[in-house]
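To start, the structure itself, in C-alpha cells.
The values are calculated or read from the model by the stated rules, or taken from the named source; none is laboratory data. Since we're looking at a predicted model, the values are computed, not measured. Ideal geometry is used to build each Cβ from the backbone, glycine not excepted, and the neighbour counts take in all protein chains shown.
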Amino acid sequence: MSGQGQVSFRNIVKMHGEFAALKGVNFDIKPGEFFALLGPSGSGKSTTLRILAGLDAPTAGRVLIDDKDVTSTNARDRDIAMVFQSYALYPHMTVAENIAFPLEMAKLPKAEITPAVKDAARKVKIDHLLDRKPGQLSGGQQQRCALARAIVRKARLFLLDEPLSNLDAKLRLETRAELKKLQRSLGVTAVYVTHDQEEAMTLADRMAVFMSGEIQQVGTPAEVFARPNSIDIAGFIGNPPMNLVPARYVDGDVIIAGHRLKTTATTRGERDVVVGLRPGALRMAVGGLGARVDLIEDLGDTAVLDLDCAGTMIRMRVADGNIPGEGDTISITARPQDIHLFDPATRMRL
Amino acid sequence: MTAKRLRIIALLAISTVFLLAWAFPIVWSVMNSLKTDSDVLAYPPKLVFTPTWEAYRDVLFGSGSILPNLLSSVIISVGTTVVTMLMAVPAAYALARLRFRGKKFAGFYVLATQMLPPVGIIIPYFLVLRNIGWIDTYQGIILIYLSFSLPFAIWLLVSYFEDIPFEMEEAAYLDGASRLKTLWRIIIPQVRGGIAVTVVFVFLNAWNEFLFAVVLSGNTVRPVTVAMFNFVSVEQTLWAKLAAVSVLAMLPVVVLGVVAQKHIVKGLTVGAVKGGGRR
C-alpha cells in the first residue's frame, strides 16, 4: 500500500461562486520530499491541501499522484494520511482505537493491528497513553495521537494542516524538530501547510509560497529567502521581513532618500523601483544613509531598530553590544549584492 | 435571622408549593388506586385507610382486563420509536451535513409541521386512514404518529449532528472509511446522548398520546390511554380502577425516565463542555 508519493498539480483552479480561491496552480513534489505550502490566511494553501487530499474537488485542472490522475478519486481511495489542525481525534475511542482505526478500515487482521499501533505510538512517544481517551490528553499528547494515527498506515503521502498552531510556543519548537526527524526516518513524502514562515523555513526541503490564490514562488527555503520573486513574498518571508523602500534606479545605483547606494541588480535605464533590504543585511558605516533611531526592540542576542531615514521607515537588525540609543542618529549602508530590486507596477523582481 | 436564611426559607417555600402542585395528582392516583370504591367516595376524604390491591387485580385480571391495551400501547410506542429513529437519524444527518437542493425548505417544513394544532388535522387523517382501510390497525396509528414524531425527532437530532466538527468526518474518510461506516463508527457514537434523549421523547409522546388514538383506534387496537376512558361512563366513574390503570400507565414512563436520566442530562449539555477531542 505504500507508494512513491510523487505529486503534480496541473493548472488547478478552484472557484467558490465568483471568487477564485485558486487561479491555476502548478507544482511538483518529489518522492520523500518535505514540501511546505506557505502563505498568509486566505491565500489558497489550505484549499490546495484539501484538493490534494480529495476533500474538495477542483473546478478545473488535474491532480496527479505517482503519475496517476486522481482528480476524481475519493479521498479514502487515495492512500493519503492527514493530520488536521484540530487533530480531529475520535473522542469516543481510546488512543489505541484511534490509531487502529485506519488499519481496521483497511481490513488488516487483529494480529497485525496491535503491534502496528504500539509501534506507531512508540515513535511519537505516547505508548504509555494507549488506554486514555483523547479528552484525557494534553494538547501536545493529542497532537501526537493524531500523528500516530497518520503514520500507522504507512500511506504514500502525509499531509499536515497547520499541525503545530494549537501548541504553546515551547512545545511548538520541540515538536517541529521531532516532526522533521520523524519524516526523515519514515522517508515519506510530507506536504505541510503553514502561515508561519519560520516553520516552513526550518522544516521544508522546498516550499511553495501562495499569494491570493496563486503560487508566486517555488524553491528551497534558502532560495526563497535569498531571492524573493515578488514584493509580496519579500514582505512575507523573514522576521522581521524585508524593508521595501521606494527608490530611483540610475546606472547601477539606487537613490534612497537622496542617498546613493551601489547595487549588483540591474535594470534598464533610469526608473522608479522598490528596493528590498533585509534588516539583517544592513550595516552601520560612515558616510551611509543617515537615519534616526526611533525605537529599539531588544531580543536578547540581537535587537531590531526602527529607523527614520528622512521620512522612510526602515527596520534593521543589529547584534548585541552594537546597539545605539533611541534618538541617536546613525549612518547605514548595505552591500551591493544585498540590494534587491522590484518593479513597483508588476510587483515582481527585476 | 440573616437575609441569607430568609432567602433560603423563601426558596424552600416556593419549591414546596410547586412540588405539592406537581405531586398532588400522582399521590391522589396512587392513594385512590389502593382504596375500595366506597373509600374513594367517602367524604371527607380518608387519608388513613386499609390499602387493598382489589382495583389492580380487577383491571389486570378481571373481565375488562387492560393487559391487551398495555400490550397495544407497547406495540404502538415501540413501533413508532423504532421506525422514527430508523428514519430520523439518516435524515437529521443529511440535513446537518449534505448540501442538496431544497435543503432550506426541507428544514422549514420539518419545523412547520410542529406548529400545526393537531386537532385541526384529525378529520383528514381519519379520512385518509379509512380510505386505505387502516383504521383500527397498528400500521395506521404508527403512520399517523410518525407524522408528528419524525419531524420532531429530526429537528432534535440535527443540532446534535451539527455539533460534530466536519474535520472529524473528513479524518475518517482519509482513514479509509466510507460515508456509511463514518456515520456508524464515528458520528453515531458521538450523538448517543442525543439519540437517547430523542428515543425517550418519541416513546413518551407515543405512549401518552390520547387525542389521535381515541379517534383512529377501535376494538382491535386500543392503547391504554383510550382504555382508561372506559372506566368513565355516563352512570358512574370507577375511580379506584381508573386510578389503578393510571398508575400502571405511568410506570413505564417513570422507569424509562430513571434509566435514561444519565443520558438525558448528558445529552442536554452536549457541546456545553469542552474536551473530548472537540475543538
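When the residues of the range A:200-214 are narrowed to those that are assigned to a helix (DSSP H, G or I) and among the aliphatic types (A, V, I, L, M), which ends up surrounded by the fewest Cβ atoms within 10 Å (Cβ to Cβ)?
Going residue by residue through the range A:200-214, those that are assigned to a helix (DSSP H, G or I) are A:200-203.
The next check asks that each one be among the aliphatic types (A, V, I, L, M); those that pass are A:200-201, A:203.
Details: A:Ala200: 25, A:Met201: 20, A:Leu203: 23.
Of everything passing the filter in the range A:200-214, A:Met201 is surrounded by the fewest Cβ atoms within 10 Å (Cβ to Cβ).
Only one residue in A:Leu89, A:Leu55 is within 18 Å of A:Ile12 (Cα to Cα), within 9 Å of chain B (Cβ to nearest Cβ) and modelled with pLDDT under 95, so which one is that? Full working, then the answer.
Values: A:Leu89 fails: within 18 Å of A:Ile12 (Cα to Cα).
Unique residue meeting the criteria: A:Leu55.
In the range A:305-329, which residues are among the β-branched types (Val, Ile, Thr) and surrounded by fewer than 19 Cβ atoms within 10 Å (Cβ to Cβ)?
Of the residues in the range A:305-329, the ones among the β-branched types (Val, Ile, Thr) are A:312, A:314, A:318, A:323, A:329.
Those that are among the β-branched types (Val, Ile, Thr) and surrounded by fewer than 19 Cβ atoms within 10 Å (Cβ to Cβ): A:Thr312, A:Ile323, A:Thr329.
Are there any pairs, at least 6 apart or on different chains, whose C-beta atoms fall under 7 Å, with the first in the range B:176-203 and on the phi > 0 side of the Ramachandran plot and the second of a type outside the set (D, E, K, R) and surrounded by fewer than 18 Cβ atoms within 10 Å (Cβ to Cβ), and if so, which?
B:Gly176/A:Ala106
If I filter the range A:106-125 down to residues being touching a Lys or Arg at 6+ places or on another chain (Cβ under 8 Å) and more than 14 Å from every other protein chain (Cβ to nearest Cβ), which single residue comes out as surrounded by the most Cβ atoms within 10 Å (Cβ to Cβ)?
A:Val124
Before we move on, is B:Leu256 over 21 Å from A:Leu89 (Cβ atoms) and modelled with pLDDT under 90?
yes
Yes or no: A:Leu103 within 11 Å of chain B (Cβ to nearest Cβ) and either surrounded by 18 or more Cβ atoms within 10 Å (Cβ to Cβ) or out of contact with any Cys (no Cβ under 6 Å at 6 or more places or on another chain) (or both)?
yes
Given the residues B:Tyr138, B:Tyr160, which is the only one that is in contact (Cβ under 8 Å) with a residue 12 or more places away in the chain, within 14 Å of another protein chain (Cβ to nearest Cβ), within 30 Å of B:Gly193 (Cα to Cα) and hydroxyl-bearing (Ser, Thr, Tyr)?
Only one candidate qualifies: B:Tyr160.
Examine the range A:170-184 for a residue that is over 24 Å from B:Ile188 (Cα atoms), of a type in the set (Ser, Thr, Tyr), more than 14 Å from chain B (Cβ to nearest Cβ) and under 24 Å from the mean Cα position of the chain (by Cα), and state whether such a residue exists.
yes
So which residues in the range A:133-160 are among the polar types (S, T, N, Q) and in a helix (DSSP H, G or I)? Step through it out loud before you land on a result.
Going through the range A:133-160, the residues among the polar types (S, T, N, Q) turn out to be A:136, A:138, A:141-143.
A:Gln136, A:Gln141, A:Gln142, A:Gln143, listed by residue number.
Go through (1) free of Cβ contacts under 8 Å to residues at least 12 places away in the same chain; (2) within 20 Å of A:Arg206 (Cα to Cα) one by one and return the number of the condition A:Thr47 breaks.
Failing condition for A:Thr47: (1).
Out of everything in the range A:267-296 that is touching a residue at least 60 places away in the same chain (Cβ under 8 Å) and part of a loop (DSSP other than H, G, I, E, B), what residue ends up being nearest to A:Pro228 (Cα to Cα)? Outline the logic, then answer.
Applying the first criterion (touching a residue at least 60 places away in the same chain (Cβ under 8 Å)) to the range A:267-296 yields A:267, A:272-278.
Then drop every residue that is not part of a loop (DSSP other than H, G, I, E, B), which leaves A:267, A:278.
Values: A:Thr267: 17, A:Arg278: 11 Å.
Among those that are touching a residue at least 60 places away in the same chain (Cβ under 8 Å) and part of a loop (DSSP other than H, G, I, E, B), it is A:Arg278.
Of all residues in the range B:101-127 being closer than 23 Å to B:Ser73 by Cβ and hydrophobic (A, V, I, L, M, F, W, C), which is modelled with the lowest pLDDT?
My answer is B:Val119.
I'm trying to understand the selection: among the residues of the range B:156-165, which are in contact with a helix residue (DSSP H, G or I) (Cβ under 7 Å, 6 or more places away or on another chain) and surrounded by fewer than 19 Cβ atoms within 10 Å (Cβ to Cβ)?
Within the range B:156-165, B:Leu156, B:Glu162 meet the criteria.
Take the range B:24-38 and flag every residue that is at pLDDT 85 or above and either charged (D, E, K, R) or within 24 Å of the chain's Cα centre (by Cα) (or both).
B:Phe24, B:Pro25, B:Ile26, B:Val27, B:Trp28, B:Ser29, B:Val30, B:Ser33, B:Lys35
Taking the condition under 30 Å from A:Thr194 (Cα atoms) and touching a Pro at 6+ places or on another chain (Cβ under 9 Å), does A:Ile330 pass?
no
Output the residues belonging to the range A:65-76 that are at the interface with another protein chain (Cβ under 9 Å from one of its Cβ atoms) and either small (Gly, Ala, Ser) or under 21 Å from A:Ala116 (Cα atoms) (or both).
Correct list: A:Ala75, A:Arg76.
Which numbered condition in (1) under 25 Å from the mean Cα position of the chain (by Cα); (2) assigned to a loop (DSSP other than H, G, I, E, B) is the only one that A:Leu341 fails?
(2)
A:Phe35: modelled with pLDDT under 95 and away from chain B (no Cβ under 14 Å), yes or no?
Numbers: modelled with pLDDT under 95: no; away from chain B (no Cβ under 14 Å): yes.
Considered against the rule, which asks whether it is modelled with pLDDT under 95 and away from chain B (no Cβ under 14 Å), A:Phe35 comes out as no.
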